[in-house]
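Chemist: Sharing a structure, written as structure tokens. Questions coming.
The values are calculated or read from the model by the stated rules, or taken from the named source; none is laboratory data. Owing to the predicted nature of the structure, the values given are computational and were not obtained by experimental measurement. Using ideal geometry, Cβ is built from the backbone for each residue, glycine included, and neighbour counts are taken over all protein chains shown.
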Amino acid sequence: MPRREPRSVTGSEQLGAYTLVRVDRGGLDPGVPGQFFMVEAPGRLLPRALSLCLAPVGELAFLLEAVGPGTEAMCALLPGERVHVFGPLGNGFRLGVERPLLVGGGIGMAPLPYLAHALPDAPAVLGFRTERHAEAAALLPQAEVVVEPTLVTERIDPGLDVLACGPEPMLRAVGELCAHAQLAWEAPMACGYGACYGCAVEIDGELKRLCVEGPVLGARRGGAHGSATKPLFWSAPDDPLRATPESAVSGVADEAGTW
Ligand code: FES
């Protein structure tokens, strides 16, 4: 069940262009990989939607890139400072797949270390725009890492069960390649629980709130509502391993072109 709690920062570390911020877990449930938390830094009006990156004992850890005042404030948090954390929210990845492949682009790798904890034997491919950004791959040691101009889509076996998070162009390319991929979408979020429509996107001709319907959606081709060439995006089916609806939206950066 989602809860809102004031929590204390326990530490942060720099990983290339990214910062891993840890908070004490308190009574918060880490949820299913791919779900997200609304995190509010001191002095900031709006919280940020952040996917859970790691859930070490007694802690929750979030991966961020400082791309504006809000994320800069979070990356600068010091041990002992208080943040408000609300979650877990949204629909995470469906874990009951036979041949998983984890795929991440840029800050979209954020939910994958926690996902790899649930799927420990799954191979992974990560794509970054620079070598400095690629330093964050240390969080996922088993991953194959590519840096632009190489794209993650060049390293995907379409026959695998792909679970991906990254910028929209990457997700669309992955969806074209893998009809049954699970894709974690990024969107600006204000409330995180379906009240503001700030995260609404048009999917299959309908407006969907990514914080409620996603952020993890499935990709499929064709069918009654689709064309043969353009993938459709649909809510992933219920799974006993998933939480109830209410996203790893990394939600902090658009790294379009990095995949
Ligand atoms: Fe408010 Fe989705 S973030 S409805």
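Chemist: Tell me which residues, restricted to the stretch 42-55, are modelled with pLDDT under 95, in a loop (DSSP other than H, G, I, E, B) and of a type outside the set (G, A, S).
Modeler: Answer for the stretch 42-55, where residues must be modelled with pLDDT under 95, in a loop (DSSP other than H, G, I, E, B) and of a type outside the set (G, A, S): P42, R44, L45, L46, P47.
Chemist: Any idea which residue in the stretch 92-107 is nearest to A49 (Cα to Cα), counting only those that are out of contact with any Ser or Thr (no Cβ under 6 Å at 6 or more places or on another chain) and either assigned to a strand (DSSP E or B) or among the acidic types (D, E) (or both)? Steps first, please.
Modeler: In the first step, residues of the stretch 92-107 are kept if they are out of contact with any Ser or Thr (no Cβ under 6 Å at 6 or more places or on another chain); the result is 92-104.
Retained after the next criterion (residues that are either assigned to a strand (DSSP E or B) or among the acidic types (D, E) (or both)): 98, 100-104.
Details: E98: 30, P100: 25, L101: 24, L102: 21, V103: 20, G104: 17 Å.
Among those residues, the one meeting the criterion is G104.
Chemist: Same structure again: For the stretch 161-207, enumerate the residues that are in a loop (DSSP other than H, G, I, E, B), among the aliphatic types (A, V, I, L, M) and in contact with an Asp or Glu (Cβ under 9 Å, 6 or more places away or on another chain). Step through it out loud before you land on a result.
Modeler: At the first step, the residues of the stretch 161-207 found to be in a loop (DSSP other than H, G, I, E, B) are 166-167, 178-181, 185-199, 204-205.
From what is left, the residues that are among the aliphatic types (A, V, I, L, M) are 179, 181, 187, 189-190, 195.
The one that is in a loop (DSSP other than H, G, I, E, B), among the aliphatic types (A, V, I, L, M) and in contact with an Asp or Glu (Cβ under 9 Å, 6 or more places away or on another chain): A181.
Chemist: For the stretch 139-160, what are the residues that are of a type in the set (D, E) and within 30 Å of S12 (Cβ to Cβ)?
Modeler: Start the filter on the stretch 139-160 by keeping residues that are of a type in the set (D, E), which leaves 144, 148, 154, 157.
Passing the criteria: E144, E148.
Chemist: Determine if the stretch 78-91 includes at least one residue that is away from the ligand (no atom under 16 Å from the Cβ), in a loop (DSSP other than H, G, I, E, B), surrounded by 21 or more Cβ atoms within 10 Å (Cβ to Cβ) and at negative phi.
Modeler: no
Chemist: Go through the residues of the stretch 78-98 one by one and say whether even a single one is touching a His at 6+ places or on another chain (Cβ under 7 Å) and of a type outside the set (G, A, S).
Modeler: At the first step, the residues of the stretch 78-98 found to be touching a His at 6+ places or on another chain (Cβ under 7 Å) are none.
No - not one qualifying residue is present in the stretch 78-98.
Chemist: So in the stretch 114-135, with the set limited to residues that are under 18 Å from P149 (Cα atoms) and among the aliphatic types (A, V, I, L, M), which one is surrounded by the most Cβ atoms within 10 Å (Cβ to Cβ)?
Modeler: Step one: list which residues in the stretch 114-135 are under 18 Å from P149 (Cα atoms), which gives 125-135.
When the remaining residues are screened for being among the aliphatic types (A, V, I, L, M), the result is 125-126, 134.
Numbers: V125: 26, L126: 28, A134: 22.
Step by step, filter the stretch 114-135, then rank; the result is L126.
Chemist: Residues of the stretch 30-49 being in contact with a strand residue (DSSP E or B) (Cβ under 7 Å, 6 or more places away or on another chain) and more than 23 Å from P100 (Cβ to Cβ), which ones?
Modeler: Across the stretch 30-49, the qualifying residues are F37, M38, V39, E40, A41, P42, P47, R48, A49.
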